[in-house]
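**Student:** First, the structure itself, so that you have it in front of you.
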Amino acid sequence: MNENMRVLRRLSGLASGVWLIMVGLLLASLLLAVLGTGVRPGWLGGAVCLATPWVGGSLDGVRRLYPGAGGAETDVIPRYCASDPTVHQHLLQGLGAFASYVLVFGGVYLVHRLLRSAAREGMHTVRVANGLRALGWWILTVSVVAEIVQTITRTALLRTLAEEPCGRSSWSAFWAFPYYPVLSALGLLAFARMMRASAAMREDLEGTV
């Protein structure tokens, strides 16, 4: 076994360990929540709070406690917290957080499968290329969907916490296009295309020999 295969096997084992730890922590938190210990994952309950980062102001008391240096101004960002959260508010907050959980858990699982295939068969194979493509499409689609879900749920949650009605301005203010995940996904898709071409060349060379 060459050094590259040994490194791939170690990375595969590491990814498998991370995946198992994440699943174990999730199951443990669910069990603790069911038992009523008060320990819950972020998408199952807890405090319901939401900040409005596009709104800023200043208060004299805050300025005295946190003075700015060199003439810098101290801003205050409104943060709403429900004193007695309803089931609807918990669901809105939980759905937004759950979208991020799905992205991370699915990504780690696909990385684990990709490294396991590379450790077994080598890097320049069609299976590895397909794994890279699946990972790229997963990050591309789920990151955008997760951002849309979080934007919708935050806007809906703010309407239950703030007295003034919130319209499209709050929706657009909560929205932030996931540039880094999308660019990373496009890079993975391009690399998967190159890996597929490399795998085809390898098969041609093996057939010639």
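The values are calculated or read from the model by the stated rules, or taken from the named source; none is laboratory data. Values in this document were obtained by computation on a predicted structure and should not be read as measured data. Note that each Cβ is placed from the backbone with ideal geometry, even for glycine, and that neighbours are counted across all protein chains shown. Surface accessibility is based on the protein's heavy atoms, side chains included, excluding ligands, DNA and RNA. Shrake-Rupley method; radii C 1.70, N 1.55, O 1.52, S 1.80 Å.
**Student:** Of (1) closer than 30 Å to W175 by Cβ; (2) surrounded by fewer than 16 Cβ atoms within 10 Å (Cβ to Cβ); (3) at pLDDT below 65, V39 satisfies all except one. Which?
**Tutor:** (1)
**Student:** How about the range 86-107: which of its residues are without any contact (Cβ under 8 Å) to a residue 40 or more places away in the chain and either among the charged types (D, E, K, R) or open to solvent by less than 40 Å² (accessible area, probe 1.4 Å) (or both)?
**Tutor:** G106, G107, listed by residue number.
**Student:** With respect to R6, is the statement that it is in a helix (DSSP H, G or I) and at pLDDT 75 or above true? Working first, answer last.
**Tutor:** On the way: in a helix (DSSP H, G or I): yes; at pLDDT 75 or above: no.
So R6 does not fit the description; no.
**Student:** While we're looking at this one, here's another question. Quickly run through the range 170-209 and pick out the residues that are at pLDDT 90 or above and not in a helix (DSSP H, G or I).
**Tutor:** P178 - this is the single residue of the range 170-209 that is at pLDDT 90 or above and not in a helix (DSSP H, G or I).
**Student:** With respect to A146, determine if the residue is aliphatic (A, V, I, L, M), at pLDDT 85 or above and surrounded by 15 or more Cβ atoms within 10 Å (Cβ to Cβ). Break it down stepwise before answering.
**Tutor:** Working: aliphatic (A, V, I, L, M): yes; at pLDDT 85 or above: yes; surrounded by 15 or more Cβ atoms within 10 Å (Cβ to Cβ): yes.
So A146 fits the description; yes.
**Student:** Which condition number in (1) among the aliphatic types (A, V, I, L, M); (2) open to solvent by less than 30 Å² (accessible area, probe 1.4 Å); (3) out of contact with any Gly (no Cβ under 7 Å at 6 or more places or on another chain); (4) within 27 Å of A51 (Cβ to Cβ) is the one that L132 fails?
**Tutor:** It is condition (4) that L132 fails.
**Student:** Under 30 Å from P85 (Cα atoms), open to solvent by 40 Å² or more (accessible area, probe 1.4 Å) and at pLDDT below 90, is that true of E163? Even if it seems obvious, please write down each step before you answer.
**Tutor:** Values: under 30 Å from P85 (Cα atoms): yes; open to solvent by 40 Å² or more (accessible area, probe 1.4 Å): yes; at pLDDT below 90: yes.
Yes.
This table checks each residue for (1) at pLDDT below 85; (2) out of contact with any strand residue (DSSP E or B) (no Cβ under 7 Å at 6 or more places or on another chain); (3) not in a helix (DSSP H, G or I).
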| site | (1), (2), (3) |
| --- | --- |
| Y80 | no, no, yes |
| S83 | yes, yes, yes |
| Q93 | yes, yes, no |
| G106 | no, yes, no |
| L110 | no, yes, no |
| H124 | yes, yes, yes |
| A129 | no, yes, no |
| G136 | no, yes, no |
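**Student:** Here is a further query. In this structure, does L115 turn out to be surrounded by fewer than 18 Cβ atoms within 10 Å (Cβ to Cβ), outside any strand (DSSP E or B) and in contact with a Ser or Thr (Cβ under 6 Å, 6 or more places away or on another chain)?
**Tutor:** Taking the combined requirement at face value, the residue does not satisfy it.
**Student:** I would also like to ask the following. Checking L140 against (1) open to solvent by 40 Å² or more (accessible area, probe 1.4 Å); (2) closer than 30 Å to L14 by Cα; (3) not basic (K, R): exactly one of these is not met. Which one?
**Tutor:** With (1) open to solvent by 40 Å² or more (accessible area, probe 1.4 Å); (2) closer than 30 Å to L14 by Cα; (3) not basic (K, R) applied to L140, the lone miss is (1).
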